[in-house]
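J.: Here's a structure for you.
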Amino acid sequence: MAQVPAKPNFKRELFLRIVSSVCIIPVVAYADYTGGLFFNLLLLFLCAVMAWEWGLLSGATRLVTRYLLAAIACVPVLVLLIRHDPALTAIALVTASLGAGLYVALFDKGGRKGLTGAGIAYVAIAAMSAIWIREQADGFGLFTLLLIIVIATDVFAFICGRLIGGPKVAPSISPNKTWSGALGGLSASAIVAFGFVSLNTGIPGSPLEVTSYGYLLAIMLAAAGLSIASQAGDFLESWLKRRAGVKDSGSIIPGHGGMLDRLDGFLAATPVLALILLVYEMAVSA
């Protein structure tokens with residue numbers, strides 16, 4: 001008779017999430033506050049680690065493949081940092097993605113070339129978006145807002161989902177995620193964004209400068225969009241892990257999985273924020 005898996009312990013999982021956050025948040029907060037070299041080096045490190053873990057999720061069987069993917073993913077990020085040339089960066093990104101897929105196709109038959117190439121682009125774009133956001137005039141405020149939205153989404157989706165329960169969003173992909181959790185995370189993101197921006201932390205002329213109640217409403221809607229993107233990134237990683245037949249993307253965080261497990265929402269939400277800011281800049285300058 002098949003053994004029924006034990007139901008996850010709510011208190012233990014919440015405790016592990018808190019511990020991992022206590023370990024990670026101070027480092028990220030310091031990098032966010034100081035910006036510059038330390039911030040960029042941290043993003044390069046995270047990019048390399050997540051590309052290595054993506055190799056596992058995309059079926060790469062050779063250890064050398066995963067190390068190579070880590071190096072390849074950092075190439076377009078380095079090009080952005082060194083040259084600040086959008087065209088050259090785009091060429092480097094496409095070349096890195098195609099090169100990763102081609103290498104897997106030729107030398108690592110266990111890997112999926114399309115998924116590998118897409119993963120390199122996915123991780124690198126998120127890292128480059130984070131660097132670009134932090135380099136804006138009010139980069140500290142913008143990146144801090146992004147962090148609190150992603151964290152609030154993750155924490156309150158987990159709490160509301162476990163305490164309220166109810167229908168599942170996509171049980172075949174992630175059997176523990178509920179609609180109550182998704183809505184709880186979305187609501188929390190809008191509330192924390194309202195509170196953060198209401199403090200008028202932005203510098204004059206920045207996207208965080210409060211000009212009207214309608215503007216605050218627009219900020220809340222943007223936060224909800226980032227929350228949806230963050231949760232979509234969570235589902236994407238859950239789907240990849242189920243397809244690969246693994247519980248965690250890695251083991252770099254003792255007892256709590258890999259960087260992709262902790263930063264899946266950040267990966268998806270960061271390019272969305274960069275796109276929102278680009279649209280805002282074009283609207284203001286028009």
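J.: Please state which one of V150, V155 is of a type in the set (V, I, T), touching a Ser or Thr at 6+ places or on another chain (Cβ under 9 Å), on the phi < 0 side of the Ramachandran plot and buried (at least 19 other Cβ atoms within 10 Å of the Cβ).
T.: Answer to the selection: V150.
J.: Only one residue in L42, L142 is of a type in the set (A, V, I, L, M, F, W, C), assigned by TED's automatic domain parsing to the domain that holds E281 and buried (at least 16 other Cβ atoms within 10 Å of the Cβ). Which one?
T.: On the way: L42 fails: assigned by TED's automatic domain parsing to the domain that holds E281.
Of L42, L142, the one residue that is of a type in the set (A, V, I, L, M, F, W, C), assigned by TED's automatic domain parsing to the domain that holds E281 and buried (at least 16 other Cβ atoms within 10 Å of the Cβ) is L142.
J.: Taking segment 158-168, which residues are surrounded by fewer than 19 Cβ atoms within 10 Å (Cβ to Cβ) and either under 22 Å from the mean Cα position of the chain (by Cα) or not in a helix (DSSP H, G or I) (or both)?
T.: I159, G165, G166, P167, K168
J.: Checking A121 against (1) assigned to a helix (DSSP H, G or I); (2) touching a residue at least 40 places away in the same chain (Cβ under 8 Å), which single condition isn't satisfied?
T.: Every listed condition holds for A121 apart from (2).
J.: Among residues belonging to segment 59-100 that are in contact with a Ser or Thr (Cβ under 9 Å, 6 or more places away or on another chain) and under 14 Å from W132 (Cβ atoms), point out the one that is surrounded by the fewest Cβ atoms within 10 Å (Cβ to Cβ).
T.: R83
J.: Take the residues in segment 16-39 that are among the hydroxyl-bearing types (S, T, Y), in contact (Cβ under 8 Å) with a residue 40 or more places away in the chain and out of contact with any His (no Cβ under 9 Å at 6 or more places or on another chain), then tell me which one is surrounded by the fewest Cβ atoms within 10 Å (Cβ to Cβ). Show your work before the answer.
T.: If we filter segment 16-39 for residues that are among the hydroxyl-bearing types (S, T, Y), which is where we start, we get 20-21, 30, 33-34.
Remaining after also requiring in contact (Cβ under 8 Å) with a residue 40 or more places away in the chain: 20-21, 33.
Checking the rest, the ones that are also out of contact with any His (no Cβ under 9 Å at 6 or more places or on another chain) come to 21, 33.
Working: S21: 15, Y33: 12.
The extreme case among them is Y33.
The values are calculated or read from the model by the stated rules, or taken from the named source; none is laboratory data. The shown structure was predicted, so the numbers you read here are calculated from the model rather than taken from an experiment. Note that each Cβ is placed from the backbone with ideal geometry, even for glycine, and that neighbours are counted across all protein chains shown.
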